[in-house]
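Working notes, structure below.
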Amino acid sequence: MGQNIDLKRTWRDGIFRYLFKEKENFIEMYEVFTGRKLLLDEIEFRNTDSIVISKDLKNDIAFTTKDGNFICLVEHQSSKCPNIGLRLLIYYGELLKMHVQKYGLNIYGTVPIKYPKAEFFVAYNGKQPWVDDDYIVAGDVTINVKIVNINYDQLDIQEKDNTLSGYAYLIKRLNIILQRLD
């Protein structure tokens, strides 16, 4: 029974990570989320498998521009999480450490270092309504996290032939099957 519960909690996330670590699929999703288009040759996937806070907690998708000026972090959620902003901030900090190492930057030097701009997104396909204002940010640092409801019935792109729409439809159908099995 315990494995079945864990599977139910993680299968959407695993499919999401598998699909959107591919540049082309990420670019499609980013355009749906922002209305802006990224070029294939200007971004690179950031393998964040080393960014692990605990055994089960690691960043889902991260891309940077090849010039190092921009980082995009996307987390998949099938349930509301009031601490998502804090988690994304921790992942961003880890990516900043990777950035400093990659470019050999001296954080103790007297010259200010320009660090990458970041955008944070949550691809949400849970059942309860969740909007940007629902997350809680504690402390003196505030980050803007865009919650995007990717449930198939909520997407404006249902008629388009793209990976995000296909993923949303697959999850909708699998949820129906899993409900019948319960």
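Could you please find all residues in region 55-77 being over 12 Å from the mean Cα position of the chain (by Cα) and of a type outside the set (Val, Ile, Thr)? Working first, answer last.
First pass over region 55-77, keeping only residues over 12 Å from the mean Cα position of the chain (by Cα): 55-57, 64-70.
Correct list: LYS55, ASP56, LEU57, LYS66, ASP67, GLY68, ASN69, PHE70.
If I filter region 37-69 down to residues being in contact with a strand residue (DSSP E or B) (Cβ under 9 Å, 6 or more places away or on another chain) and farther than 19 Å from PHE121 by Cβ, which single residue comes out as modelled with the lowest pLDDT? Lay out the reasoning, then the answer.
Narrowing region 37-69 to residues in contact with a strand residue (DSSP E or B) (Cβ under 9 Å, 6 or more places away or on another chain): 38, 42-52, 58-66, 69.
Applying the additional criterion that residues be farther than 19 Å from PHE121 by Cβ yields 49-50, 52, 66.
Details: ASP49: 67, SER50: 62, VAL52: 57, LYS66: 88.
Among residues in region 37-69 that are in contact with a strand residue (DSSP E or B) (Cβ under 9 Å, 6 or more places away or on another chain) and farther than 19 Å from PHE121 by Cβ, the one modelled with the lowest pLDDT is VAL52.
Would you please name the residue that is farthest from the chain's Cα centre (by Cα), looking only at residues in region 1-36 that are β-branched (Val, Ile, Thr) and modelled with pLDDT under 85?
Step by step, filter region 1-36, then rank; the result is ILE5.
Run LEU105 past the list (1) modelled with pLDDT under 90; (2) of a type in the set (A, V, I, L, M); (3) out of contact with any Asp or Glu (no Cβ under 6 Å at 6 or more places or on another chain) and report the number of the one that doesn't hold.
Looking at each condition in turn, LEU105 falls short on (1).
Quick check: anything in region 148-158 in a strand (DSSP E or B), touching a residue at least 24 places away in the same chain (Cβ under 8 Å), among the hydrophobic types (A, V, I, L, M, F, W, C) and surrounded by 15 or more Cβ atoms within 10 Å (Cβ to Cβ)?
Yes, the conditions are met somewhere in region 148-158.
Any residue at all in region 91-101 that is of a type in the set (A, V, I, L, M, F, W, C) and touching a Phe, Trp or Tyr at 6+ places or on another chain (Cβ under 9 Å)?
yes
Does region 84-103 hold any residues that are among the basic types (Lys, Arg) and surrounded by 14 or more Cβ atoms within 10 Å (Cβ to Cβ), and which are they?
ARG87
Report yes if GLY68 is touching a Pro at 6+ places or on another chain (Cβ under 8 Å), surrounded by 11 or more Cβ atoms within 10 Å (Cβ to Cβ) and not in a strand (DSSP E or B), otherwise no. It would help to see each step written out before you state the result.
On the way: touching a Pro at 6+ places or on another chain (Cβ under 8 Å): yes; surrounded by 11 or more Cβ atoms within 10 Å (Cβ to Cβ): yes; not in a strand (DSSP E or B): yes.
Yes.
Among the candidates GLU119, GLU75, which residue alone is at negative phi and touching an Asp or Glu at 6+ places or on another chain (Cβ under 8 Å)?
Selected residue: GLU75, the only one of GLU119, GLU75 that is at negative phi and touching an Asp or Glu at 6+ places or on another chain (Cβ under 8 Å).
The values are calculated or read from the model by the stated rules, or taken from the named source; none is laboratory data. Given the structure is predicted, the values throughout are model-derived calculations rather than measurements. We place every Cβ from the backbone using ideal geometry, glycine too, and count neighbours over all the protein chains shown.
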